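Here's the structure, in structure tokens; my notes come after.
The values are calculated or read from the model by the stated rules, or taken from the named source; none is laboratory data. Here the structure is a predicted model, which is why all the values come from computation and not from measurement. Heads up, the Cβs are rebuilt from the backbone with ideal geometry, glycines too, and the neighbour counts pull from every protein chain shown.
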């Protein structure tokens, strides 16, 4: 398998962790990125494979899958073991809901922090970041209730944990850490970050972030 990724792409990180959990070491193709120009010019392969010209893109023989959620679902069917979705219909629906919540509710707030604190074009504002911090605090409190009696978000480690952890970890790095009182979230973060599939991805992202900062 071949996976096109961005060095700091949160959705690429999702795909990398899922592949690792499935025991796959894909050929990684890292697309160009900079603080000034972002992903422009687009990698020609990505532009040809994905109409949105976005990473991640998974190529498995003649099969092309883009969008991290679609990659999750493809991998679950292609490589059923170990499973990354729960067994029951209701539990699988909840798992999908939590993954979507990470992508659609958490990510817009995290993106506000990324724009304000990382990009060079000044596209974000202090007011925008303050609003994101406030929203993320409320999201942490909500997540703590989801995890209160659970080791992981679903019956075992799942795509919901992958998607949510990437957002939570990035929020923390960008100045919105787990608040005091959200002990269930803090414990869950420690468990997830220690997984063999997760630690190398976090390390790669940190190295890339440090390199970008040094070039600023």
Residue among 20, 34 that is under 21 Å from residue 115 (Cβ atoms) and either out of contact with any helix residue (DSSP H, G or I) (no Cβ under 7 Å at 6 or more places or on another chain) or outside the structural domain of residue 111 (by TED's automatic domain parsing) (or both) = 34
Only listed residue being surrounded by fewer than 18 Cβ atoms within 10 Å (Cβ to Cβ) and closer than 18 Å to residue 54 by Cβ, chosen from 81, 99, 73 = 73
Say we look at segment 144-158 and pick out the residues that are in contact (Cβ under 8 Å) with a residue 60 or more places away in the chain and surrounded by 18 or more Cβ atoms within 10 Å (Cβ to Cβ); which of these is farthest from residue 98 (Cα to Cα)?
-> 157
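Considering only segment 122-133, how many residues are part of a helix (DSSP H, G or I) and either touching a strand residue (DSSP E or B) at 6+ places or on another chain (Cβ under 6 Å) or surrounded by 12 or more Cβ atoms within 10 Å (Cβ to Cβ) (or both)?
6
Got a sec? Which of 19, 3, 28 is over 20 Å from residue 211 (Cβ atoms) and assigned to a strand (DSSP E or B)?
Details: 19 fails: assigned to a strand (DSSP E or B); 28 fails: over 20 Å from residue 211 (Cβ atoms).
Of 19, 3, 28, the one residue that is over 20 Å from residue 211 (Cβ atoms) and assigned to a strand (DSSP E or B) is 3.
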For residue 43, which of the numbered conditions (1) buried (at least 19 other Cβ atoms within 10 Å of the Cβ); (2) in contact (Cβ under 8 Å) with a residue 24 or more places away in the chain; (3) closer than 21 Å to residue 96 by Cβ fails to hold?
-> (3)
Is at least one residue of segment 25-34 modelled with pLDDT of 95 or more, more than 9 Å from residue 4 (Cα to Cα) and more than 19 Å from the chain's Cα centre (by Cα)?
-> no
Taking residue 113 as the residue in question, decide whether it is part of a helix (DSSP H, G or I) and surrounded by 20 or more Cβ atoms within 10 Å (Cβ to Cβ).
-> yes
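Just wondering, is there one or more residues in segment 149-160 that are assigned to a loop (DSSP other than H, G, I, E, B), modelled with pLDDT under 95 and farther than 15 Å from residue 111 by Cβ?
Yes, segment 149-160 has at least one match.
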